[in-house]
Structure formats: C-alpha cells, structure tokens
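The values are calculated or read from the model by the stated rules, or taken from the named source; none is laboratory data. Only a predicted model underlies this, so the values are computations on that prediction, with no experimental measurement involved. Neighbour counts are summed over all protein chains in view; Cβ atoms, including those assigned to glycine, are modelled from backbone coordinates with ideal geometry. Just so you know, the surface numbers come from the protein's heavy atoms only, side chains and all, with ligands and any DNA or RNA stripped out. Shrake-Rupley method; radii C 1.70, N 1.55, O 1.52, S 1.80 Å.
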Amino acid sequence: MIEECLVVEFAVTGDDCPLATATRETDTTLEAKPPQRRADGNALLQFTGDPAIAPVLDADERIRYLHASSTDERVNYRCLSKHPCVVHQLTDAGFMAEALSYADGVETYTGAVVGYDVLEGVLEAAGEAVGVTLERIYPLGSEDDEAVARRWGFTPAQEEALRLADEMGYFEVPRRADAGDVATELGIGKSAFLERLRRGQAALMAQVFD
C-alpha cells in the first residue's frame, strides 16, 4: 500500500478552454466539478456561474447540450464539451481533481496525487502543457487540507479564501483588511474573492443550521 498522498494545486493561463474563455469574456467566475471524460474523448461538465456566461457558452461550437437551472443569483450548468483541456492531460497522468475554479480566464485545479512516482508523471505532464504553474503541494491530512480531508461543504478555493480572510482580520470589527487586500494576497480579483467568500459562507451556514 502506498502511504504518500499529496494535495496539489495548479494555476493555468492561456488554455483554450471553453469555461476559461467564458469567464474571460464576461469578467466573471465559475466553479466546476471534475469533468467526466467519455470514451469518445468528450467531457461532461457540471459547474456554477454567473448568468452572463450562458450566451457565450451557447455560441461556442465546442459546447453541446447546455442546460441551465437558476438558484438565486447563480446558475447551475450542465453540458458536453468537445474540447480537451489541460485538466484532462493532468488526469491522464494520475492527477485526481477535487475542484476546479475559473476567474477571468485563469483556471485553478486542486486535487490529489497518490505517491511520488505518480507526482513526477503529473509534474512532467504539467510541464508539457500550456501555461501551467504549480501553486502549492502538501501532504494530505496536513493543517492546510481541511477542504479535502475534512470537508465542510465548500471547495478548496473557498476554504482558502475564508481562512486567509480570517487571518488578515477581514471579519474583525473594525476590519483590519478589506476585500481588496485579501484578494491581492490570494492573487485573484476582488469580485472573485467576494464570490468565493459568499459561497463558502453559504455552505458553512447550511452545515450549521440544517
């Protein structure tokens, strides 16, 4: 049995992915579940995003069977993508995606890799792909891994935003840091941070009060 399991986070820029393209063209964010790859190479996608991305995706010839259902100000989408993305290359090498987020054309993948031999193959695949940067890597079960090992219903990106906001004093009265400060530290836009914060808080409240 292999005991080493590592959490890995990648950032991807310049990938010609339909979801990344949609967020770049609409200046919005979305969060997706890991794609389900079919035998024909196409992928089934499930994600949540702004209503503004619907017409962009609907006009994209690489997207088929787009379905949308509204929940408050966000929309849950399902569709078929005919376009292979970087996440598929990493998955083929052994990367097990946990969560994917897209903000203004930048993709963030968080997932696990079992064993250092597999990690080596995943990093090699990342090096051959377009615009992939290794952001973080740490052992599964470490203090940084609450989102994967002890899930409260929010994604790793949401957990990171909540954790950093708390550390920087965003929730204190008066605040020691505003949304722009936390977003800068995270390396994302202010709107992307506020979206992660709202969705993370909503997931946390659902766990507390359900």
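When the residues of the stretch 195-210 are filtered to those that are more than 17 Å from residue 102 (Cβ to Cβ) and among the small types (Gly, Ala, Ser), which remaining residue is modelled with the lowest pLDDT? So, considering only residues that are more than 17 Å from residue 102 (Cβ to Cβ) and among the small types (Gly, Ala, Ser), the one modelled with the lowest pLDDT is 206.
Among the residues of the stretch 1-21, those identified as of a type in the set (A, V, I, L, M) and in contact (Cβ under 8 Å) with a residue 40 or more places away in the chain are 2, 6, 7, 8, 11, 12, 19, 20. Scanning the stretch 7-23 for residues that are in contact with a Ser or Thr (Cβ under 7 Å, 6 or more places away or on another chain), within 19 Å of residue 63 (Cβ to Cβ) and either part of a loop (DSSP other than H, G, I, E, B) or not hydroxyl-bearing (Ser, Thr, Tyr) (or both) yields one hit, 18.
Looking at residue 118, is it farther than 25 Å from residue 203 by Cα, within 13 Å of the chain's Cα centre (by Cα) and part of a helix (DSSP H, G or I)? In short, no. For the stretch 75-115, filtered to residues that are part of a loop (DSSP other than H, G, I, E, B), at pLDDT below 90 and within 19 Å of residue 44 (Cα to Cα), the residue that is least open to solvent (accessible area, probe 1.4 Å) is 85.
Applying the criterion of at least 3 residues that are open to solvent by less than 20 Å² (accessible area, probe 1.4 Å) and modelled with pLDDT under 85 to the helices (runs of 4 or more DSSP H) found wholly in the stretch 138-194 leaves 156-167.
Considering 59, 20, 43, the condition of being open to solvent by 20 Å² or more (accessible area, probe 1.4 Å) and of a type in the set (Gly, Ala, Ser) is satisfied by 59 alone.
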